[in-house]
Amino acid sequence: MKPCALAGFASEAPTFSSLEALPGDLSDWLVSFLPDIEWLRWLTASLLAIVLILTVFGLTFAMLTVTERKLLGRFQNRYGPNRVRVFGIRVFGFFQPFADAVKALTKEDIVPAAADKVLHLLAPVCLVAFSLLGFAVLPYGREMTLLGNLDAALLFFFAATSASELAIFMAGWSSRNKYALLSAMRALAQLISYELPLLLVAVPAVMLAGTLSLQGIVLSQADWLGGILPHWNILTPWGFAGALIFYIAALAESNRCPFDLPEGESEIIAGFLTEYSGFKYALFFMGEYFGMAALAGLGVTLFLGGWTAPCEFLQFIPSYLWFYLKLVAVVLSFMWMRATLLRLRMDQLMRLSWKFLVPLALVNLGNAAFWQFSSNWEGAWLAARWAISLAVAIVPFLLLAKTLTAGLGPRQYRYA
Amino acid sequence: MNSANDIFSQPGFQPVHDDFHGDLLELSIGPHHPSTHGVFRMNATLDGEVVVKLKPVFGYLHRNHEKLAEQNSYLASIPYTDRLDYLSSLTNNWAYVHAVEKLAGLAVPERAEYLRVILGELARLINHCCLVGFLLNDLGTSFTPLLYSLRERERMLDLIEELTGSRMMCNFMRFGGLRTDVSADWLARLEHFLDHQFARYLREQDALLTGNEILLARLQHVGILSPKLAVQAGITGPMLRASGVDYDIRKVDQYGIYDRFDFRVPLGDHGDTYDRYMMRMLEMHESVKIIKQAIRDLPVGDFLDPKAKNRGLRPKAGSCYARIEGPKGEIGFHLVSDGSANPYRYRVRPPSLINLTVLEDMCLGRTLADTIVILGSVDIVLGEVDR
């Protein structure tokens, strides 16, 4: 196994286009200037890959912040930020993040007198670090991961990213602010509850691919029916149900609306962010966006075929671009949710997880097992396979959804 | 960790008990909080997130309104009434001039009465628009419905600005009529706005939000106000009607010319936050109907009684209480005259303040998130609560 797949990439992969091989070729070319010592070349190539990923996702984070604000603006019948200009060029306000960065860096960093100063400082750092760890195992493209084809990639991802709960609790606790404490309590309960459905719907993908390696899960989906219909998990009944549950749980895990209770602005000011200012605040922001992007990347890998193209003839577009496009599309849909939906209450949030998503995820596990068991059914049996699987996906959903909205509904009003 | 500022080293510091139930958390919500709708404060005692005690604290915006009015001439108080409930200054004006007219026995020309109805109902539309938007914002909608509501409000404010010269502080009603007349063009544009943009806004709001499951889950069976308590506490306006009590001063008193219009009064059955939200939505439909009828029937004539004396008005000694149905409830003025040029006593009956008195009863046993929503559904404006 190669420790860094980027370096050895060009020699192995079938060449679909020169663009496909570009990152690997570039890395090989740069490394070829170094003396021919194996560990030095390996280390340099690894660092190059890490720097590339950090740069790409750092810039993506910057652009996503301004895109979110502009998108929200358009959803809300206004313009969004469009003032910042550099050398007289305005580019629709897309220089905003650079102005934001200067502002965040030059702002006074206020630490409350009663705060636990060490934890208060460590919390944002931890959040960013834990969120970034998830990027180590995501398959960005054909034979492109930072840690190589790690066999327990999925396990590593969940282990690393779920530690971000700790960072949020640290922030809420160390601020010694009552709003921050309430927020930390909410965050801990929420993140732990939604970890479960998130993990449970990832299991079927593992079952069908037969491997915990994310690269392996992508490869299991890299096929097309008739060259146009991709073999993605989302296009199976269990995969579709799983993707929906994953989407909801990922929204909750990344504290996005309608699950933004830990920082519910109208209730607890800014929650665990209340006592943060300046660059620490910016770090929290960055950590949340990295976390969101990492979860979206995992979702794309598990259900949307990872870096594979939706149609066979579209393979000339490099695999890493497909991955990136899918990831950004998922993140943009998160923003759409934010402009549309209302926030749930804490008890409703917990009910949604434990009484709705977790049972559905468990049923989905059985559904995926059936799907795998019936993989060689043909003819009329194939129709039966689809019918049974669809029924198992839809019926529990409808039954459980009824219990969620029991006693609620539009009302008729009388007039005097 | 050993600095002098550390809570642990403060004298009298008590560690949290280690039994499971723990202590109650006292939380001061406001006066600077995103969702207290102004400088309002709630001293809440929380058990986890459940409210076990809630004490409203207000007075941060006290401006001596009533005492000022006792030093001013009757006319000079009209602009001050704008600043009571600053979202609906026209109905404040109306309630005040209504009281002075009753005190001094002034007549109001027919055309002025119709125009007052149009402007009063327009103020109701503006107020309910704002309320619905801000309530949804308290529910965490990231400003989307609020800005949709403010868009419609802005169109109405444009019309009002064109007519009165000011967007919010209109200062438009006078004893015996109005300050200026309304042009036919203005009325046509108002009608066009109601028929097209505003009708579309109401349709959109209903389609997108009224049936939304999260909205239903957040609002239904939350903050229930029983009809008995509502009557005992003197609650008025949409909040009272949401509890199912049929009491609309437009119907009860039929002040002005309200007996001439065909409109209905919606009533709620549950008295919860959702009913209070829906009362506002349904009342907007009725207000639109009233405005259209008033525009249709508007007679020609004086907009201000030529015999009415605004400057240097000296009503005969006596007292009166007059009230109208404001957007938030019964807004009334109690005036005592000793025959001089300024009132001897001037007292406002502010619907916001009186509707706020039942806040604790509605919030007990609910969570912090519900408290914010319940407060949003009461519809307060601190300018009126504190005066």
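Tabulated data
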item: Estimated translational D of the protein assembly as shown in µm²/s (Stokes, Kirkwood radius over Cα pairs; 10 °C; 1.306 mPa s); result: 53
item: Reciprocal mean inverse distance between Cα atoms of chain A - Kirkwood radius, Å; result: 23.2
item: With all protein chains modelled, accessible area of residue B:262 [1.4 Å, Å²]; result: 100
item: Solvent-accessible ranking of B:98, B:62, largest area first, probe 1.4 Å; result: B:62, B:98
item: Buried accessible area, chains B and A (both chains, 1.4 Å probe, Å² to nearest 100); result: 4400
item: Point-to-point label distance, residue A:63-residue B:233, nm (Cα→Cβ direction, 7 Å offset); result: 5.3
item: Number of partner chain Cβ atoms within 10 Å, mean per residue of A:341-352; result: 6
item: Heavy atoms of residue B:89: accessible area, 1.4 Å probe, square angstrom to 10; result: 10
item: Percent RCO, i.e. relative contact order, over region A:112-399, from Cα pairs under 8 Å lying at least 6 residues apart; result: 25
item: Peptide-level mean, for B:260-267, of C-beta atoms on other protein chains within 10 Å; result: 2
item: Pairwise Cα inverse-distance average, inverted: Kirkwood Rh of region A:205-357 (Å); result: 17.0
item: With all protein chains modelled, accessible area of residue B:259 [1.4 Å, Å²]; result: 90
item: Segment residue A:38-residue A:405, extension gain: residue separation times 0.36 nm, minus the distance between their alpha carbons; result: 125.9 nm
item: Kirkwood Rh, Cα atoms: Rg over Rh of region B:209-277; result: 1.07
item: Solvent-accessible area lost in complex, 50 Å² minimum, residues of region A:396-416 relative to chain alone, 1.4 Å; result: A:408, A:411, A:413, A:414, A:415, A:416
item: Karplus (6.51, -1.76, 1.60) ³J(HN,Hα), θ = phi - 60°, over region B:362-369, in Hz, Gly and Pro reported as x; result: 7, 8, 4, x, 9, 7, 4, 4
item: Hydrodynamic radius by Kirkwood, which averages 1/r over all alpha carbon pairs of chain B, in angstrom; result: 22.2
item: Chain B: relative contact order as a whole-number percent, Cα under 8 Å and 6+ apart; result: 26
item: Eligible lysines near residue B:292 by straight Cα distance, threshold 27 Å, same-chain separation 8 or greater; result: B:251, B:328
item: Within the accessible area of region A:164-304 (1.4 Å probe), percent carbon and sulfur; result: 75
item: Global geometry of region A:8-148, whether rounded, prolate or oblate, following the gyration tensor of its Cα atoms and the 1.5 cut on a/c; result: oblate
item: Region B:43-195 pair-distance distribution - Cα-Cα, 5 Å bins, rounded %; result: 2, 8, 14, 17, 16, 14, 11, 8, 5, 3, 2, 0
item: Å² of accessible area per residue within the protein assembly as shown, as computed with a 1.4 Å probe and no ligands counted; result: 42
item: Accessible-area order (highest first, 1.4 angstrom probe) of the listed residues A:377, A:322, A:29; result: A:29, A:377, A:322
item: Whichever aspartates and glutamates have a C-alpha closer than 13 Å to that of residue B:316, once near sequence neighbours (fewer than 8 apart) are set aside; result: B:101, B:338
item: List A:120, A:231, B:334, B:32, ordered by accessible area with a 1.4 Å probe, largest first; result: B:32, A:231, B:334, A:120
item: Among A:255, A:376, A:149, residue whose mean-square fluctuation peaks in a GNM of chain A (springs only between Cα atoms under 10 Å); result: A:376
item: Ratio Rg/Rh [Cα only; Rh per Kirkwood] for region A:251-302; result: 1.04
item: Where labels lie 7 Å past Cα in the beta-carbon direction, separation of residue A:109 and residue B:254 in nm; result: 7.3
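The values are calculated or read from the model by the stated rules, or taken from the named source; none is laboratory data. Remember, predicted model here, so these are calculated numbers, not experimental data. We place every Cβ from the backbone using ideal geometry, glycine too, and count neighbours over all the protein chains shown. For accessibility, only protein heavy atoms count, side chains too; no ligands or nucleic acids. Shrake-Rupley method; radii C 1.70, N 1.55, O 1.52, S 1.80 Å.
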